[in-house]
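The values are calculated or read from the model by the stated rules, or taken from the named source; none is laboratory data. Quick caveat, the model's predicted, so the values are computed rather than measured. FYI the Cβ positions are ideal-geometry reconstructions off the backbone, even for glycines, and counts take in every protein chain you see. Just so you know, the surface numbers come from the protein's heavy atoms only, side chains and all, with ligands and any DNA or RNA stripped out. Shrake-Rupley method; radii C 1.70, N 1.55, O 1.52, S 1.80 Å.
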Amino acid sequence: MTIATLRQLLDAATAGHHAVAGLVVLGWEDALAFAEAADEAGQPIVLQAGPGSRRHTPLAVLGPMFRHLAEQARVPVACHIDHATTLEECRAGIDHGFTSVMIDGSALPLDENIALTRSVVEVAAPAGVSVEGEVGFVGYAGGRASAFTTPADAARFAAETGVDALAISVGNVHLQTETSDGIDLDALGAIEAVTTLPLVLHGGSGIDPAVRRMLSRQHRVKKFNVGTEIRQAFGASVRATLARHPHSFDRLEILRPTIAAQREAALRVIRNLGPG
Ligand code: 13P
């Protein structure tokens, strides 16, 4: 049984001075690819079901699918709900077997974010489920702008919520298709000075792999969420298949090659963050 909580993975990453990959799952092909990549690398991973994934596929399907892959893997795998915005969504994730939930109250005023996050911890902790919260706001490429996490807010949030992991905004931005060098090390250091919690950076695709590796070793960033980078490998695979077989219409024929393509992309992410 290799199913794990986020807390267990982050504790191990902290002890080992490295980080884990939180990989965005949209369907069976990528979930399988990530589990295979984790096994190949010999490194734990976090399989993440975000809002898009949950809109597309019922939790009653995603939960058992994630747990099946986690139980088959030879390495610890956490099954995580990403960017839930309500207590009910978190409860549903817990009921469907997820071992970790992110409650994202980052769009709310701080007091409301703290109260919502605290309410999720009160439900999740007795169930043995980890909780990630977010303070500050991580923006979206071409969408809403970021609001950097202030050390004062991070300190209060950490002290008053009881979360296992803290997602912060220090120059990271979701959905970037090119890497940027936007991480503000002074802002990160100021947050590290006021909390001992493991930190999470969303928008991992926009952070250069060398910077991710440095942050995992020299700072307390213990999880990087990566989605776009691997979806680009998915898209390239589909385009290549259709270019080779322009008349192809069979779903399996088109999607099967995406498993290897995403496995290779995930392997690069996982190995880069892992020890060694
Ligand atoms: P990217 O798609 O930018 O890598 O971000 C993923 C993410 O942060 C999911 O929570």
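Among the residues of the stretch 124-139 satisfying the criterion of being closer than 17 Å to ALA158 by Cα and either touching a His at 6+ places or on another chain (Cβ under 6 Å) or not hydrophobic (A, V, I, L, M, F, W, C) (or both), which is surrounded by the most Cβ atoms within 10 Å (Cβ to Cβ)? Steps first, answer last, please.
Our first condition is that a residue be closer than 17 Å to ALA158 by Cα; within the stretch 124-139, this holds for 124-125, 130-137.
Subsequent filtering for residues that are either touching a His at 6+ places or on another chain (Cβ under 6 Å) or not hydrophobic (A, V, I, L, M, F, W, C) (or both) retains 130, 132-134, 136.
Numbers: SER130: 25, GLU132: 32, GLY133: 28, GLU134: 25, GLY136: 23.
Filtering first and then ranking leaves GLU132.
Counting only residues that are hydrophobic (A, V, I, L, M, F, W, C) and in a loop (DSSP other than H, G, I, E, B), which one in the stretch 158-181 is farthest from ALA236 (Cα to Cα)? Give the derivation first.
Just the residues of the stretch 158-181 that are hydrophobic (A, V, I, L, M, F, W, C), to begin with: 158-159, 163, 165-168, 170, 173, 175.
Subsequent filtering for residues that are in a loop (DSSP other than H, G, I, E, B) retains 163, 170, 173, 175.
On the way: VAL163: 38, VAL170: 30, VAL173: 23, LEU175: 17 Å.
Per the stated criteria, the residue is VAL163.
For VAL238, are the conditions met, namely being open to solvent by less than 20 Å² (accessible area, probe 1.4 Å), within 26 Å of ALA41 (Cα to Cα), in contact with a helix residue (DSSP H, G or I) (Cβ under 8 Å, 6 or more places away or on another chain) and in a helix (DSSP H, G or I)?
It is false that VAL238 is open to solvent by less than 20 Å² (accessible area, probe 1.4 Å), within 26 Å of ALA41 (Cα to Cα), in contact with a helix residue (DSSP H, G or I) (Cβ under 8 Å, 6 or more places away or on another chain) and in a helix (DSSP H, G or I).
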Exercise. Which ones in the stretch 197-227 are within 13 Å of the ligand (Cβ to nearest atom), assigned to a helix (DSSP H, G or I) and either open to solvent by less than 20 Å² (accessible area, probe 1.4 Å) or of a type in the set (Gly, Ala, Ser) (or both)?
Worked result: GLY204, SER205, GLY206, ARG212
Problem set entry | Answer residue from the stretch 46-94, given it is within 16 Å of SER130 (Cα to Cα) and of a type in the set (Ser, Thr, Tyr) and is most open to solvent (accessible area, probe 1.4 Å) among those | THR85
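Could you check, for the stretch 181-188, whether at least one of its residues is at pLDDT below 95 and more than 17 Å from the chain's Cα centre (by Cα)? It would help to see each step written out before you state the result.
Restricting attention to the stretch 181-188, the residues satisfying the condition of being at pLDDT below 95 are 181-182.
This time we only want the ones that are more than 17 Å from the chain's Cα centre (by Cα), so: 181-182.
Yes; the residues of the stretch 181-188 include at least one that is at pLDDT below 95 and more than 17 Å from the chain's Cα centre (by Cα).
Name the single residue that is nearest to HIS83 (Cα to Cα) among those in the stretch 95-109 being open to solvent by less than 10 Å² (accessible area, probe 1.4 Å) and part of a loop (DSSP other than H, G, I, E, B). So that I can check it myself, show each step before the final result.
Here is the first cut: in the stretch 95-109, the ones open to solvent by less than 10 Å² (accessible area, probe 1.4 Å) are 98, 100-103, 105.
Then drop every residue that is not part of a loop (DSSP other than H, G, I, E, B), which leaves 98, 105.
Numbers: PHE98: 14, GLY105: 9 Å.
The selected residue is GLY105.
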Exercise. Which one of the conditions (1) open to solvent by less than 50 Å² (accessible area, probe 1.4 Å); (2) in contact with a Pro (Cβ under 9 Å, 6 or more places away or on another chain) does VAL173 fail to meet, given that it meets all the rest?
Worked result: (2)
Exercise. Got a number for residues in the stretch 241-267 being over 25 Å from ASP82 (Cα atoms), part of a helix (DSSP H, G or I) and open to solvent by 60 Å² or more (accessible area, probe 1.4 Å)?
Worked result: 7
For this session: Could you identify the single residue in GLY142, GLY162 that is of a type outside the set (Val, Ile, Thr), at pLDDT below 95 and over 20 Å from ARG213 (Cβ atoms)?
Result: GLY142
Exercise. Looking at the stretch 142-157, is at least one residue surrounded by fewer than 19 Cβ atoms within 10 Å (Cβ to Cβ), in contact with a Gly (Cβ under 6 Å, 6 or more places away or on another chain) and not in a loop (DSSP other than H, G, I, E, B)?
Worked result: yes
Problem set entry | Condition broken by GLY182, with the remaining ones in (1) under 30 Å from TRP28 (Cβ atoms); (2) within 16 Å of the ligand (Cβ to nearest atom); (3) surrounded by fewer than 22 Cβ atoms within 10 Å (Cβ to Cβ) satisfied | (1)
